[in-house]
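Scroll down for the structure; my scribbles are underneath it.
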Amino acid sequence: MQKTQINGKTQLACIIGDPVYHSLSPIMHNSAYQSLGLNWVYVAFRVKKENLQSAVMGIKSLGIRGVSVTIPHKVAVLSLLDSLDAVAEKIGAINTIVNQNGKLYGYNTDWEGAMLALKEKTRIQGKKVVLIGAGGAGRAIAFGLKKEGAEVTILNRTVEKAKNLAKEIDAKFGGLEDLEVIKESDIVVNATSVGMHPKHHECIVPKELLHSNLTVFDIVYTPKETELLKRAKEKGAKIVYGYKMLLYQAVRQFELFVGRSAPTAVMEEALLRALQDTKSS
Ligand code: ATR
């Protein structure tokens, strides 16, 4: 790994959010810069809601090249940008800002990250997909699935939210009592927080609904192998780990920030090491 010295030419990228101390993005991005010998640095800024506007002005005035945006700013930041990517506009949320000569461009790489993770294991076009969850993450994934040409059914605890999202992407919808549809599906995506540490024994999908023709993707990445993925594996289904979405959204961000292809393997290794460290600390 090449060492780079911070100097007068160092380019800055960052993440803004609140809280932000737990973010794994600095580790992924900095590992990528170091492995390519790029004179870039990526840091985390805790930005409170009431300071979002001045923080965004700061991106321009300080010439920060790229910004990752996380909770609670993903929606509020939209109105502060100069231009929005078409899919990000439909989703109504961004996680990425690129500063191009003082103009701020907004993108959403969450949906791309999810689709790249899924595509490692399955085709998406024409597949029957059950998407569980209609929150922020569910919304980004729903638009991704639609863009890829999947036949989507959205199931959510609060059916009204599934209905509203389904209308936007021309999907079917239902509540958690409709999970039987999984029996006739090709792909299942859990886009809820159910199964996340410390409630890692929880799982929305009963094992008897899972089958070997499925690809099962859980966006939860702590633990790496969730109860849902364990059940899917036991049934002979293909599985997609949640950390892959986290990885690929960062890979796409790196490419948007730096303008060259990302060292994906390096970023993956750094992410997995960080997740392991989080577990043992
Ligand atoms: P995110 O941005 O991570 O998607 P969110 O917008 O709060 O977070 O959405 C959380 C999702 O997980 C929602 O789909 C939520 O269902 P509701 O819309 O009914 O709240 C779902 N969710 C959270 N806890 C759940 C639980 N215990 N059982 C079922 N669904 C749950």
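Just so it is clear, none of the values below were taken in a lab; they were calculated from the coordinates. The model shown is predicted, which means the values in this text are computed figures rather than measured ones. We place every Cβ from the backbone using ideal geometry, glycine too, and count neighbours over all the protein chains shown.
What is the packing order of peptides 40-46, 110-116, 26-32, 205-211, taking the mean over residues of other C-beta atoms within 10 Å and listing the highest first?
So the peptides 40-46, 110-116, 26-32, 205-211, ranked by packing, come out 110-116, 26-32, 40-46, 205-211.
Taking Rh as the Kirkwood radius computed over C-alpha pairs, what is the Stokes-Einstein D of segment 181-221 at 10 °C in a medium of viscosity 1.306 mPa s, expressed in µm² per second?
Approximately 145 µm²/s, per Stokes-Einstein.
Using label points projected 7 Å from each Cα along Cα→Cβ, tell me how many nm separate residue 79 and residue 122, to one decimal.
3.9
Provide, as a two-decimal number, the C-alpha radius of gyration of segment 111-209 over 2.2 N^0.38 Å, N being how many residues it has.
Normalised Rg, Cα atoms only: 1.00.
Mind sorting 141, 64 by how few other Cβ atoms lie within 10 Å of their own Cβ, fewest first?
Ranking 141, 64 by Cβ neighbours within 10 Å, fewest first, gives 64, 141.
I want to check the label-to-label distance for residue 177 and residue 235. Put each point 7 Å from Cα in the C-beta direction and report it in nm to one decimal.
Between residue 177 and residue 235, the simple spin-label model gives 2.1 nm.
In sequence order, what are the phi-derived ³J(HN,Hα) couplings for segment 111-127 according to the Karplus relation 6.51 cos²θ - 1.76 cosθ + 1.60 with θ = phi - 60°, rounded to whole Hz, with x for glycine and proline?
Calculated HN-Hα couplings, in order: 5, 5, x, 5, 5, 5, 5, 5, 5, 5, 10, 7, 6, 10, 4, x, 7 Hz.
Taking the alpha-carbon centroid of each part, what is the distance from segment 94-137 to segment 221-258 in angstrom?
13
Find out how many positive minus negative residues lie around residue 52, taking Lys and Arg as positive, Asp and Glu as negative, among other residues whose Cβ is under 14 Å from that of residue 52.
+3
Between residue 11 and residue 71, how high is the FRET efficiency from 1/(1 + (r/R0)^6) when r is the Cβ-Cβ distance and R₀ = 22 Å? Nearest 0.05.
0.30
Residues with beta-carbon under 14 Å from that of residue 233, excluding residue 233: net charge, scoring Lys, Arg +1 and Asp, Glu -1?
+3
Report the Rg/Rh value for segment 144-281, based on alpha-carbon coordinates and the Kirkwood definition of Rh.
When Rh is taken as the Kirkwood radius, the ratio is 1.00.
How would you rank 22, 73, going from fewest to most other Cβ atoms within 10 Å of each one's own Cβ?
With the sparsest Cβ surroundings first, the list reads 22, 73.
Would you mind counting up the charge near residue 72? Only other residues with Cβ under 13 Å from its Cβ, with Lys and Arg at +1 and Asp and Glu at -1.
Summing Lys and Arg as +1 and Asp and Glu as -1 gives +2.
Could you give log10 I(q)/I(0) at q = 0.09, 0.11, 0.20 Å⁻¹ for segment 1-134, computed by the Debye formula over C-alpha point scatterers of equal weight, without solvent?
Here the Debye-derived log intensity ratios amount to -0.31, -0.46, -1.23.
Spin-label point model (7 Å from Cα, Cβ direction): what's the residue 4 to residue 48 distance in nm?
The modelled label-to-label distance comes out at 3.3 nm.
How large is the translational diffusion coefficient of the chain in µm² per second when you combine the Kirkwood radius over alpha carbon pairs with Stokes-Einstein at 25 °C and 0.890 mPa s?
Roughly 126 µm²/s, to the nearest whole number.
Would you please put 48-55, 127-134 in order of how densely packed they are, using the mean number of other Cβ atoms within 10 angstrom per residue and starting with the highest?
Ranked by mean Cβ neighbours within 10 Å, highest first: 127-134, 48-55.
Calculate, for residue 160 and residue 200, the FRET efficiency according to 1/(1 + (r/R0)^6) with r their C-beta to C-beta distance and R0 25 Å; round to the nearest 0.05.
Computed FRET efficiency for residue 160 and residue 200: 0.30.
Using the charge dipole of the chain (Lys, Arg: +1 at Cβ; Asp, Glu: -1 at Cβ; taken about the Cα centre), state which of 195, 41, 5 has its Cα farthest towards the positive end.
Checked the options; the winner is 5.
Can you give the helix-only mean residue ellipticity at 222 nm for the chain, where every DSSP H stretch with n ≥ 4 adds -39500 (n - 2.57) and the sum goes over all residues, rounded to the nearest 500 deg cm²/dmol?
-11000 deg cm²/dmol
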